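Data block below; observations after.
Laboratory data are not the source of any read-out in this text; all were calculated from the coordinates shown. All of these numbers come straight from a predicted model, not from anything done at the bench. Here the Cβ positions follow ideal geometry from the backbone for every residue, glycine too, while neighbour counts run over all protein chains shown.
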Ligand code: ADP
Ligand code: NG1
C-alpha cells in the first residue's frame, strides 16, 4: 500500500502541473498472470488466472466541455484529445489511447449515450507492455470504470467485465474475456477459475508450499499489431465448424470448440478422440476447408469469419480490399487438428489443476508443475505460440528448481510463469537471473519487473482521495 500511496501522490502532483487542477478520483485496474488455460477462453473454456500487483492507475477530473483529454506519465505515450461524442478507434494502429477509447466507448454504447461531457485523465501504468500480463486489458478496464464513475452509473463487476471484453475487440483482436474478467473479479489471496457463458469466478486456493514466479523473456509482442492471435482464433472457429459438420450438427451456427462438446454431450477426452477421427494432422488449405463445409471461398471470407479475423488474412480492413488479396489468402494454411488438440487438452488440464488444488495431496506442487509443463509443450508444439526465448527461459526455470514452467498470456514473446517450492525461491531467482538476464542484449526496460515472485492480488477499484 505505501507504494500505491506514493504513486497516487505523484500522480496528483503531475495531474496538477498538466491540467492545473486536482483530480476528483482515481481508478486502478490490475494486470494478471494466467497460471494455466492458454488460448482457450475464446473457445468457451474456463481459465485459471490471478491478478498481479502491477496495474494501471488513472487520475480523473470530469470537465464541462465535450473534450476528452488523455495524458500519460510515461513520455513514450503522447497526449491525446478528442470529442467525447465522436470516438474513432483506428484498428490499423494500436496506439495507446485507442485502448482507453475502447473502454470509454464500451460504456457509452452500453448506456446508449450520445451527449457526454468530457474529462481530463492522467494514466500511470507499471505492467510490462506486450508481455502477456494484460497491460492492454488493464487499461481498457480502467477506462471503463473511469467512465462509469464519471457518469454516476452502477454496473456489477460481471457486467463491467463483459462490456470491457467486448469493447477491447474494437482494437482489432478477438480475445476471449479472461483478462477483463480477472481485472474486475480478482480478490486478494486467491486465484480464480473463470468460467464463461455465464461469466463467473470461483476461488482456487493455491498451495502454500509453492510460489509463482513471473519471468519476462524481454521479447515484446503486440497482439493488435500482428495477425498471429486472430489467425489462431480463426483456426479454432474453423476446427469447430469442421468437427460439428463431421458429427452431423448444424455447423453454420457454431463458433467455438466448446459448443461442439456441449452439443455432443461428451467429455473432453472423448472430444480428443473425435478430433483424431475427424481432422488430419497435415494443414488444411482454404479450398479444402470450403470443400469440407460445402461453401465457396467468398462465403468462407464473408460469412464464416468475423471482421477481426478477416483482417488476419492480409491486414486489409474491408472485405472489398480483402477480396482483392488472393495471394495472402491462398498462402494461408490452417492447422486445425493441432489447434483443436491443444484446446481440448488444455481445457482438461485447467480442470485437473483446480481439482489438485482442492484435494491438496502430498505431492500437490509436483502434480501442478507437471500440468504446467504439459501446457507449455502443447502451446509450443500444437498451438505454436511460443518462441525460442520463451522455450529457453522455461528450460532455465526448470533447471534451477521450478517444478513446472510455461509461457503465460498470448505468447510469441512475453512472460513465463513457474511454480517454485517456497524453500528454493531465493536460489531460483539468483540462478535464473544469472542464466537469462545477465546478457547485454536483453531489453531490460522493465528490469526490476523482469523476474519476480507474485501473489494473487485484488481487482479494479475507485479511490476518492489520494
Ligand atoms: P498485453 O499482453 O500487455 O496486453 P498488448 O500488446 O495487447 O499486450 O497491449 C500492449 C499495449 O497496451 C501497448 O502497446 C500500449 O499501447 C498499451 N499500454 C500498455 N501499458 C501502457 C501504459 N502504461 N500506458 C499507456 N498504454 C499502455
Ligand atoms: P494477453 O495477450 O496475454 O493479454 C490474450 C487475450 C486473452 C487470452 C490470451 C491467451 C486479449 C485482450 N487477451 O491475452 O483473452 O486469449 O491471450 O490465453 O485479447
Ranked packing of 167-176, 223-232, 419-428, most packed first, by mean Cβ within 10 Å: 167-176, 223-232, 419-428
Can you compute the helix-only [θ] at 222 nm over the chain? Use -39500 (n - 2.57) per DSSP H run of at least 4 residues, normalise by all residues, nearest 500 deg cm²/dmol. -13000 deg cm²/dmol
If you take every DSSP beta bridge whose two residues both sit in the chain, what share of them, in percent to the nearest 5, is antiparallel? 90
What order do you get for 46-58, 21-33, 137-149 when each peptide is scored by the mean count of other beta carbon atoms within 10 Å, highest first? 137-149, 46-58, 21-33
By the Cα gyration tensor axes a ≥ b ≥ c (a/c under 1.5 gives rounded; else a/b larger than b/c gives prolate, otherwise oblate), the shape of the chain is oblate
Just the Cα atoms of the range 1-109, one point each, no solvent: what log10 I(q)/I(0) does Debye give at q = 0.09, 0.24 Å⁻¹? -0.32, -1.41
With a/c under 1.5 counting as rounded, go ahead and sort the range 390-435 into rounded, prolate or oblate using the C-alpha gyration tensor (a ≥ b ≥ c being the square roots of the eigenvalues; past the cut-off, prolate if a/b is larger than b/c, else oblate). prolate
Taking every C-alpha to C-alpha distance in the range 117-181 and binning by 5 Å from 0, the per-bin percentages run 3, 16, 27, 23, 20, 8, 1
Along the Cα→Cβ direction, 7 angstrom out, place labels at residue 13 and residue 455. What is the inter-label distance in nm? 2.9
The distance between the Cα centres of the range 385-406 and the range 195-212, in whole Å, is 23
Highest mean packing first, using Cβ neighbours within 10 angstrom, the peptides 193-206, 335-348, 284-297 sort as 335-348, 193-206, 284-297
